[in-house]
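Okay, structure first, notes after.
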Amino acid sequence: MAMIPSFFDNRRGTIFDPFTWEPFKDFPFPPSSLVSHENSAFVNTRIDWKETPEAHVFQADLPGLKKEEVKVEVEDERVLQISGERNVEKEDKNDTWHRVERSSGKFLRRFRLPENAKVDQVKATMDNGVLTVTVPKEEVKNPDVKAIEISG
């Protein structure tokens with residue numbers, strides 16, 4: 001550990017501990033008790049979208065969720081909607097919480113699918129906390145090209 005001065009107060013010679021340092025503690029943010037835990041849930045739900053020659057594939061890391069807690073829908077013809085909810089762990093009056101970092105509550109992500117998506121054939125699987133949604137693509141027909149002879 002290195003000895004560095006604090007930038008947020010005038011105490012010098014404080015031992016810097018990266019595990020307990022809270023860089024934003026002196027900024028004028030609302031206290032965490034005012035922020036709804038429901039609104040903060042799954043804010044960072046990340047979803048990868050890749051396109052293969054056969055399909056559009058979406059993958060989301062949803063650790064700790066069961067497939068019954070996740071919903072995959074296609075709405076308005078071409079909007080893929082992935083949503084779900086992780087319930088708050090029940091608190092025991094005898095427990096003392098030192099830190100709560102895992103998210104709980106609802107999440108919702110929407111993706112507009114391209115016109116070549118076969119929205120009637122969407123499939124979803126859940127394996128080890130990873131949701132995979134596969135949207136097959138329509139086969140793109142190459143237009144018939146007819147060579148035209150140029151006269152003159």
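The values are calculated or read from the model by the stated rules, or taken from the named source; none is laboratory data. All values derive from a computational prediction rather than experimental measurement. We place every Cβ from the backbone using ideal geometry, glycine too, and count neighbours over all the protein chains shown. These accessible areas exclude ligands, DNA and RNA; they are computed on the full protein's heavy atoms, side chains included. Shrake-Rupley method; radii C 1.70, N 1.55, O 1.52, S 1.80 Å.
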Inter-residue pairs, beta-carbon under 8 Å, first at pLDDT below 80 and in the range 81-109, second of a type in the set (Phe, Trp, Tyr) and open to solvent by less than 50 Å² (accessible area, probe 1.4 Å), 6+ apart: SER103/PHE42
Sole exception among (1) touching a strand residue (DSSP E or B) at 6+ places or on another chain (Cβ under 7 Å); (2) at negative phi for SER151, by number: (1)
Number of positions in the range 64-102 that are within 17 Å of the chain's Cα centre (by Cα) and under 30 Å from VAL119 (Cβ atoms): 17
Condition check for ARG78: touching a helix residue (DSSP H, G or I) at 6+ places or on another chain (Cβ under 8 Å), within 22 Å of LYS50 (Cβ to Cβ) and of a type outside the set (A, V, I, L, M): yes
Single residue of the range 122-148 satisfying the filter (of a type in the set (Lys, Arg) and touching a strand residue (DSSP E or B) at 6+ places or on another chain (Cβ under 7 Å)) that is surrounded by the fewest Cβ atoms within 10 Å (Cβ to Cβ): LYS123
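So that you can scan it fast, the table gives a plain yes or no per residue for (1) charged (D, E, K, R); (2) over 15 Å from LEU62 (Cα atoms); (3) in contact with a helix residue (DSSP H, G or I) (Cβ under 8 Å, 6 or more places away or on another chain):
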position: HIS98; (1), (2), (3): no, yes, no
position: ARG102; (1), (2), (3): yes, no, no
position: GLY105; (1), (2), (3): no, no, yes
position: PRO114; (1), (2), (3): no, yes, no
position: LYS123; (1), (2), (3): yes, yes, no
